[in-house]
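What follows is one structure encoded as structure tokens, with my remarks underneath.
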Amino acid sequence: MAHPMRWRLVEELHFAGPATATELAERVGESPANCSWHLRQLAKYGFVEEAPGGRGRQRPWQIVVRRYEVDEEDPHAAIAGRALGEMIYAREFEAMRIAWDALPFEPPEWQRALFTNQAFAWCTAEELDDIGQQIVALQLKYLHRVDDPASRPKGARPIRFLAWGIPARPYQKPAAEPSGKSSNPPPERSE
């Protein structure tokens, strides 16, 4: 999944719905054979599937809508997950740059609706987890619209969401002296 071409195909299926390898090839600028091979690899791991109504080269593919999580306990999965994340975040930042450049040309209601947010806060791990779950819950309310075009209200457009909650500074293990005592001096007393 971390291959940029595969992610591009997944995006096209998300945004435009079922398509054949030939149709996707035209959209992404690759050969139909290359797209077909990548689609078969995506299908092998459950990211896409054959859509009804086609045969052979006229076989359309569709996205499999589900939530994916990486097993961080498995070192191979963790490495693959990080590679996928790096590729996705690079694509998302590029999409954000393009959206900002195009913002003056959007209708006024879309200019007002587009948002970005940046904040600093002090949270416990439990609070951060809660915030993340709330954000995911908000996004999941609209996930069914990916593969159910009839559920999309008039004027709906595909929207990209990216959120993260990360420590502002990585955890620093306190340094210890060879004797096992902390190298931090005791607090000074005022008399």
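Could you state the principal axis extents of the C-alpha atoms in segment 70-146, from the largest down, to the nearest angstrom?
Principal extents (largest minus smallest coordinate, Cα): 46, 30, 27 Å.
Can you put L42, L143 in order, fewest other beta carbons within 10 Å first? Intermediate values should be presented prior to the final figure.
Details: L42 23, L143 13.
Ranking L42, L143 by Cβ neighbours within 10 Å, fewest first, gives L143, L42.
With just the Cα atoms defining each centre, how far is segment 107-130 from segment 37-92? Give it in Å.
Their Cα centres are 27 Å away from one another.
When a/c is below 1.5 the answer is rounded, else prolate if a/b is larger than b/c, else oblate, so apply that to segment 1-43 with a ≥ b ≥ c taken from the square roots of the Cα gyration tensor eigenvalues. Show your work: numbers first, answer last.
Working: a/c = 1.37, a/b = 1.05, b/c = 1.30.
Verdict is rounded for segment 1-43.
Would you calculate the convex hull of the Cα atoms in segment 35-91 and tell me its volume per residue in Å³?
104
Could you run the Karplus curve 6.51 cos²θ - 1.76 cosθ + 1.60 with θ = phi - 60° over segment 17-30 and give me ³J(HN,Hα) per residue in whole Hz, x for Gly and Pro?
Each residue of segment 17-30 in turn: x, x, 7, 7, 4, 5, 5, 5, 4, 5, 6, 9, x, 10 Hz.
I need the GluC sites (Glu not before Pro) found in segment 54-160, filtered to DSSP loop residues with at most 11 other beta carbons within 10 Å of theirs.
Values: sites: E69, E72, E73, E86, E92, E94, E109, E126, E127; in loops: E69, E72, E73.
Hits after loop and neighbour filter: E69, E72, E73.
Using +1 on the beta carbon of Lys and Arg, -1 on that of Asp and Glu, and nothing else charged, what's the dipole of the chain about the Cα centre, debye to 20? Spell out each step's value before the answer.
Numbers: 24 positive and 27 negative charges, 150 e Å.
Dipole size: approximately 720 debye.
Residues with amide H under 5 Å of A19's amide H, sequence separation 5 or more or different chain, H placed in the peptide plane at 1.01 Å from N; which?
The list, which skips near neighbours in sequence, is W61.
Does segment 1-104 classify as rounded, prolate or oblate by the C-alpha gyration tensor (a ≥ b ≥ c root eigenvalues; a/c under 1.5 gives rounded; else a/b over b/c gives prolate, otherwise oblate)? Don't jump to the answer; show the numbers that get you there.
Values: a/c = 2.02, a/b = 1.16, b/c = 1.74.
Judged from the Cα gyration tensor, segment 1-104 comes out oblate (a/c at least 1.5, b/c at or above a/b).
For L128 and Y142, compute 0.36 nm times the residue count separating them, minus their Cα-Cα distance, and round to one decimal in nm. Write down the numbers at each step before the final one.
Values: separation 14, 0.36 × 14 = 5.04 nm, distance 2.26 nm.
Contour length minus Cα-Cα distance gives 2.8 nm.
What percent of all Cα-Cα pairs in the chain falls in each 5 Å bin, counting up from 0?
1, 6, 10, 14, 16, 15, 12, 8, 5, 3, 3, 3, 2, 1, 1, 0, 0, 0
Using only Cα atoms, tell me the angle between helix 75-102 and the longest principal axis of the chain; keep it within 0 to 90° and round to the nearest 10.
70
Assuming R0 = 25 Å, can you tell me the calculated FRET efficiency for the pair M1 and T22, based on Cβ-Cβ distance, to the nearest 0.05?
With a Förster radius of 25 Å, E is 0.65.
Kindly provide the helix-only [θ] at 222 nm of the chain, computed as the sum of -39,500 (n - 2.57) over DSSP H runs of four or more divided by all residues, to the nearest 500 deg cm²/dmol?
After summing the helix terms and dividing by residue count, I get -14000 deg cm²/dmol.
Longest span of the chain, sites excluded, free of trypsin sites (Lys or Arg not before Pro) in DSSP loop with at most 11 other C-beta atoms within 10 Å? List each step's numbers first, then the result.
Numbers: sites that count: R55, R66, R67, K141, K154, K181, R189.
Segment 68-140 is the longest.
How tilted is helix 125-140 with respect to the longest principal axis of the chain? Cα atoms for both, answer in degrees (0 to 90, nearest 10).
Compared with the principal axis, the helix lies near 10 degrees.
For the Cα atoms of the chain, what angle does the longest principal axis make with the long axis of helix 32-44, in degrees from 0 to 90, nearest 10?
60
I need the phi-derived Karplus couplings for segment 104-121: 6.51 cos²θ - 1.76 cosθ + 1.60, θ = phi - 60°, integer Hz, Gly and Pro marked x.
Each residue of segment 104-121 in turn: x, 9, 7, x, x, 5, 6, 4, 6, 6, 4, 9, 9, 9, 9, 7, 10, 8 Hz.
Not counting the cut sites, what is the longest span of the chain without chymotrypsin sites (Phe, Trp or Tyr not before Pro) that DSSP labels loop and that have at most 12 other Cβ atoms within 10 Å?
The longest uninterrupted stretch comes out as 69-114.
Taking 0.36 nm per residue of separation and subtracting the Cα-Cα distance, what length does fully extending F161 through A176 add?
1.2 nm
Laboratory data are not the source of any read-out in this text; all were calculated from the coordinates shown. Just so it is clear, the structure is predicted and the values come from calculations on it, not from any experiment. Positions of Cβ are backbone-derived with ideal geometry, glycine not excepted, and every protein chain shown enters the neighbour counts.
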